[in-house]
1. Put +1 on the Cβ of each Lys and Arg and -1 on the Cβ of each Asp and Glu in segment 162-351; which of Leu304, Val276, Val344 then has its Cα farthest toward the positive end of the dipole?
2. Determine the distance separating the Cα centre of segment 313-353 from the Cα centre of segment 54-76; give it in Å without decimals.
3. Could you list the chymotrypsin sites (Phe, Trp or Tyr not before Pro) in segment 83-125 that lie in coil according to DSSP, counting only those with at most 13 other Cβ atoms within 10 Å of their Cβ?
4. Size of the dipole of the chain about the Cα centre, Lys and Arg at +1 and Asp and Glu at -1 on the beta carbon, nothing else charged, in debye to 20?
5. As an exercise, use a Förster radius of 41 Å and the Cβ-Cβ distance of Arg120 and Ala237 to find the FRET efficiency, rounded to the nearest 0.05.
6. What ranking do Cys309, Cys327 get, fewest neighbouring Cβ atoms within 10 angstrom at the top?
7. In whole percent, what relative contact order does the chain give with Cα contacts below 8 Å and a gap of six or more residues?
8. Taking Lys27 as the anchor, which lysines have their alpha carbon closer than 25 Å to its alpha carbon, excluding any fewer than eight residues away along the same chain?
Amino acid sequence: MKDNYKKIALWQTAFLGDAVLTLPLIKGLALRFPGAEIHLFVRKGVEALFAGQPELTGVHGFDKRGAQKGMGAARAYGADLGRQGFDLYISAHTSMRSAVVAMSSGIKDRIGYDAPWYNRFVYSKTVKRRFDELEEVERLLALGEPLGISGQAPEVMLELPNDVVGEAEEFFKGLGEVPVIGVHPGSTWETKKWPEHNFAEVIDRCVDAGYKVILFGGPDEIGLCNAVLDQAEHADAVINLAGKLGLQQLAAHIRQLDVYLTNDSGPMHIAWIQKVPVVAMFGPTVRRFGFFPRGENSTVMESLEDLKCRPCGLHGGKVCPEKHHKCMTDITVEMVWNTILQKVEESRESRNG
């Protein structure tokens, strides 16, 4: 490894939340190599979220589910990267496709994890991921150890364009001075979803308490959000923004919330990294995997029962293998509501100094 690099490629083409979790590593790289260009490579469709990040020179989308699907496309993409003057390549992703991109780039200095086994033949320097010991942010920071990056994760903020933030601020001014609760009932994985009727009941309690409620969801979650509202008595009082916001707008709106109620999902990470109070339901996954919302403002809600089947996988699945889904149904409305009440009080006290 050299003492100085001029153009760095950081590869993380997993899910939205995984890309957000690279921000402390990006900050660490910027502090270690202040004169370097840092380019982030993410799954296509995610790149807009990072367009305003000052540490980054460029953000690039890799269309691994579309035009760049397949190993041939991965080899071609890597070869193209190798012609762009990068002198350091760091991969936070452990798939075979990511390894093919790295190897095909021909970039001399390449850093990756030492597993899977083939990574040892792909990267010029490998580090242990230490999955059972570290949280994901620290696992990612470990990729910087060969470069002299170590210690506590640096403070970092998701930076958004001023006009986008300004639009969100104006929107929230129109809501008055009451607490605003954001609700996101979706997740990529079916078993990570808290029951729809529970979300509906929490929404009704929020409205009864005089709070404003905003419902969030991606374009593919419009139907889910409508189903939740169909089960809520006060659906007419809810602001439904499902499918109406791009990633930058979503992040700017989340930033203004008093509390964000969510399943284990990508937007959950957008919330905690902006220091928004988070209430997150964890069922098939567990905290020790290291992907939970960090910070003193975040609370993970879990079943109080010691379920032998939990966790059932790193991501969850389409259906509960045990057919009961107790890991999520055991999380009661009362548990969640009491946590929201506490966070609203803390949020208001913090804003009022």
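1. After comparing all options, I get Leu304.
2. If we compute the Cα centre of each part, the gap is 35 Å.
3. The qualifying sites: there are none.
4. 1880
5. E between Arg120 and Ala237, to the nearest 0.05, is 0.10.
6. Ordered from fewest to most neighbouring Cβ atoms within 10 Å, Cys309, Cys327 come out as Cys309, Cys327.
7. For the chain, the relative contact order is 15 percent.
8. Filter leaves Lys2, Lys6, Lys7, Lys44, Lys108, Lys125, Lys128, Lys275.
Coordinate-derived values only; no laboratory data. Nothing here was measured: the structure is a model prediction, and the numbers come from that model. Because the Cβ atoms are built from the backbone with ideal geometry, glycine has one as well, and the counts that use them run over all protein chains shown.
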